[in-house]
Amino acid sequence: MDYLEIVGKQKLSGEITISGAKNAALPVVAATILSDQEVTLTNLPDVVDIRTLIRLLGMLGGEVKHDKTVAVINNGSITSTKAIYEIVSQMRASILVLGSLLTRFGECEVSLPGGCAIGQRPIDLHLKALEAMGAAIEIKGGYVRAEAPNGLHGAKIIFDKITVGGTENIIMAAALAHGTTEIINAAREPEVVQLCEMIAQAGVSVEGIGTGTITIEGTGGKPLVFADPIEIIPDRIEAGTYLCAGAITHSEITLNKVNQEHIQASLDKLESMGCSFTIEKERITIHPAKQLKPVSIITTEYPGFPTDMQAQFMAVASIVEEGESLIEERLFENRFMHVSELNRLGTDIWLKGNTAAVRPVKELNGAVVMATDLRASSALVLAALAANGVTQVKRIYHLDRGYDNLEGKLSALGADITRKSDR
Ligand code: UD1
């Protein structure tokens with residue numbers, strides 16, 4: 001199995017380019033099912049999750065040419081509407097094909113994703129909303145079987161809780177439904193905005209893009225013709241992670257192809273910790289803090305502080321000069337698996353309920369650590385960059401799911417990081 005070996009304490013410098021956002025690319029790839037014609041996607045991140053979803057399209061009968069950052073997809077040839085367990089269990093976001101398959105074909109079977117390292121992550125809100133749109137849904141043999149032989153109809157959907165994937169599934173379902181769908185308490189993440197814009201550019205009326213109320217006039221079953229090509233937005237979590245790399249190694253680094261607005265919450269927190277920035281169009285340079293200060297974080301929905309940046313900030317907070325940082329996780333009940341691994345590198349982090357108290361330590365020291373989920377993995381890499389000696393980060397298949405060429409980009413900045421295999 002692959003692992004990363006990192007020799008810490010190297011000063012970083014230089015610039016890197018941020019890849020397309022995994023979490024934007026996934027719904028965009030799923031939305032290609034809404035069309036029976038060819039569509040080209042560009043700026044895809046070259047990560048395992050995208051390859052997995054594209055593989056699923058191929059299994060359904062879609063024609064896909066995919067080369068790293070570009071995919072040409074034609075879903076006119078889909079013959080199956082079953083997303084099998086082997087794929088969905090590898091990547092929960094495969095559940096995003098539920099809305100698009102059902103609305104285009106009037107039926108589908110999608111495996112239930114099952115458990116996840118960061119919490120239960122149910123899909124009850126997706127299912128309830130599809131039922132409100134006229135779907136008959138049955139859970140059998142580990143699969144969601146959904147049927148709407150005469151197509152879905154528009155409905156007023158009020159989400160009890162803001163859900164990114166749920167909002168995306170219903171946007172896709174609504175695009176080909178009969179009549180108007182109003183989604184109340186919709187997610188406002190930039191990735192949701194990209195999906196809305198993709199559908200709007202295909203001629204569907206979508207109102208309230210980027211707000212908590214989205215209204216969509218469905219085409220009544222007519223497949224969409226997408227404007228070509230669709231360029232995936234920059235990855236705000238990847239950008240935030242590299243900013244944290246600058247902060248934790250006290251280095252000045254520049255990121256190209258970033259959307260400043262999308263990473264404002266991370267910029268604000270790093271600023272409160274003493275870092276500063278030079279911001280030009282799509283380009284951000286982080287200037288390290290003279291003295292890193294503690295931080296107080298509560299994760300919440302966009303535009304609040306993203307749960308996907310919580311672990312990385314915890315790593316940075318562990319080496320501030322003095323003072324305790326408090327990090328409260330409000331979105332996922334079990335998203336602190338990285339704490340015990342970080343503590344193996346010498347951090348002093350205590351958990352009480354859904355809050356972590358991060359007490360500063362004088363130094364971190366290299367050790368063998370285990371990645372537990374995608375963002376937890378990058379937190380371990382960040383801590384390793386600041387630690388004395390050698391750290392081995394095991395189970396990096398988590399990292400490969402979502403970070404495009406992490407070790408290549410960090411090496412380009414001067415980090416001593418090597419991918420090795422213990423097989
Ligand atoms: C997406 C992101 C993930 C991010 C998360 C929150 C993708 C591929 N993944 O995940 O990186 O961490 O948003 O910003 O975009 N919930 C329910 N019932 C449901 C659906 C969700 O209770 O039917 C709960 C979840 O368990 C969680 C909260 O709602 O506690 C938010 O989850 P959601 O926004 O749906 O996350 P994902 O779309 O899975």
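The values are calculated or read from the model by the stated rules, or taken from the named source; none is laboratory data. A quick note: this is a predicted structure, and the numbers were derived from the prediction, not measured. When we count neighbours, we look across all protein chains shown, and the Cβ atoms used for this are built from the backbone with ideal geometry, even at glycine. Quick note on the areas: whole protein, heavy atoms, side chains included, nothing else; ligands and nucleic acids left out. Shrake-Rupley method; radii C 1.70, N 1.55, O 1.52, S 1.80 Å.
For the range 306-339, the set of residues classified as part of a strand (DSSP E or B) and either out of contact with any Ser or Thr (no Cβ under 9 Å at 6 or more places or on another chain) or open to solvent by less than 10 Å² (accessible area, probe 1.4 Å) (or both) consists of Ser325, Ile327, listed by residue number. Of the conditions (1) open to solvent by 20 Å² or more (accessible area, probe 1.4 Å); (2) in contact (Cβ under 8 Å) with a residue 12 or more places away in the chain, Ala200 clears all except one; give me its number. Failed condition: (2).
For the range 131-164, taking the residues that are in contact (Cβ under 8 Å) with a residue 40 or more places away in the chain and within 11 Å of the ligand (Cβ to nearest atom), the one that is farthest from the chain's Cα centre (by Cα) is identified as Ile162. Out of everything in the range 203-229 that is touching a helix residue (DSSP H, G or I) at 6+ places or on another chain (Cβ under 8 Å), of a type in the set (A, V, I, L, M, F, W, C) and open to solvent by 40 Å² or more (accessible area, probe 1.4 Å), what residue ends up being modelled with the highest pLDDT? By that ranking, first place goes to Ile209. Answer with yes or no whether Glu341 is charged (D, E, K, R) and in contact with a helix residue (DSSP H, G or I) (Cβ under 8 Å, 6 or more places away or on another chain). Taking the combined requirement at face value, the residue satisfies it.
Could you say whether any residue in the range 281-291 is without any contact (Cβ under 8 Å) to a residue 12 or more places away in the chain and either open to solvent by 60 Å² or more (accessible area, probe 1.4 Å) or in contact with a Phe, Trp or Tyr (Cβ under 7 Å, 6 or more places away or on another chain) (or both)? Among the residues of the range 281-291, at least one is without any contact (Cβ under 8 Å) to a residue 12 or more places away in the chain and either open to solvent by 60 Å² or more (accessible area, probe 1.4 Å) or in contact with a Phe, Trp or Tyr (Cβ under 7 Å, 6 or more places away or on another chain) (or both), which makes the answer yes. When the range 49-70 is filtered for residues that are touching a Gly at 6+ places or on another chain (Cβ under 8 Å) and in a helix (DSSP H, G or I), only Asp49 remains.
When each of Gln291, Gln310 is tested for being more than 14 Å from Tyr242 (Cβ to Cβ), within 16 Å of the ligand (Cβ to nearest atom) and at pLDDT 95 or above, the lone residue that passes is Gln310.
Would you say Ile248 is surrounded by fewer than 23 Cβ atoms within 10 Å (Cβ to Cβ) and either modelled with pLDDT under 95 or farther than 30 Å from Ile33 by Cα (or both)? For Ile248, the condition - surrounded by fewer than 23 Cβ atoms within 10 Å (Cβ to Cβ) and either modelled with pLDDT under 95 or farther than 30 Å from Ile33 by Cα (or both) - is not met. One residue stands out in the range 382-423 among those that are over 18 Å from the mean Cα position of the chain (by Cα) and of a type in the set (Val, Ile, Thr): the one that is farthest from Ser89 (Cα to Cα), namely Val390.
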